[in-house]
Amino acid sequence: MHSANTCRAHLCSLNCFLYPRSGPAVALALRKDNAILDWRAALGPTNTEKARLEKPDSLRALFGTDGQRNAGHGSDSVASADRELHLIFPEIFEPQTTFAFIKPDVVAAGKADAMLASIKALG
């Protein structure tokens, strides 16, 4: 995982590409075996209400508020991860890396540190 300082340096770019005018967010490059599948499993279902019913320990169940404000984003394929990572972290060319994004609503609610702690606990 890249440092928070590296992530903060790319916040403006990320907001311009993905969430214009939404507010601060946190971009992460997560590297581990099966990074894409594991991160998407940790996020849980896209819809927050569905996540709360089907996977109550998922990040979206814990930190999401609704269908749009579902706490996080994760690349859905190697091609998507490559494209998304290179928008924000152009220096990363490593396999088993995925793009992870903590959405502005989590940051605005003051829950980004708690979500980052949850991510670290996942390994």
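The values are calculated or read from the model by the stated rules, or taken from the named source; none is laboratory data. Just so we're clear, the structure is a prediction, and the values are computed from it rather than from any experiment. Note that we place each Cβ from the backbone using ideal geometry, even for glycine, and neighbour counts take in every protein chain shown.
Numerical summary
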{"quantity": "Residues of the stretch 54-86 satisfying the condition of being assigned to a helix (DSSP H, G or I) and without any contact (Cβ under 8 Å) to a residue 12 or more places away in the chain", "calculated": "Glu54, Ala79, Asp82, Arg83, His86"}
{"quantity": "Scan of the stretch 47-61 for residues that are surrounded by 21 or more Cβ atoms within 10 Å (Cβ to Cβ) and hydrophobic (A, V, I, L, M, F, W, C), ordered by number", "calculated": "Ala51, Leu59, Ala61"}
{"quantity": "Residues that are touching a Leu at 6+ places or on another chain (Cβ under 8 Å), assigned to a helix (DSSP H, G or I) and modelled with pLDDT of 75 or more, drawn from the stretch 7-50", "calculated": "Asp38, Trp39, Ala42, Leu43"}
{"quantity": "Which numbered condition Val107 misses (of (1) of a type in the set (A, V, I, L, M); (2) within 22 Å of Arg31 (Cα to Cα); (3) under 14 Å from the mean Cα position of the chain (by Cα))", "calculated": "(2)"}
{"quantity": "Test: residue in the stretch 93-105 that is of a type outside the set (Ser, Thr, Tyr), free of Cβ contacts under 8 Å to residues at least 40 places away in the same chain and closer than 24 Å to Asn34 by Cα", "calculated": "yes"}
{"quantity": "Evaluation of Gly110 against (1) modelled with pLDDT of 90 or more; (2) out of contact with any strand residue (DSSP E or B) (no Cβ under 8 Å at 6 or more places or on another chain); (3) part of a helix (DSSP H, G or I); (4) not β-branched (Val, Ile, Thr) (one fails), failing number", "calculated": "(3)"}
{"quantity": "Residue among Leu87, Leu43, Leu59 that is within 13 Å of Ala27 (Cβ to Cβ) and under 15 Å from the mean Cα position of the chain (by Cα)", "calculated": "Leu87"}
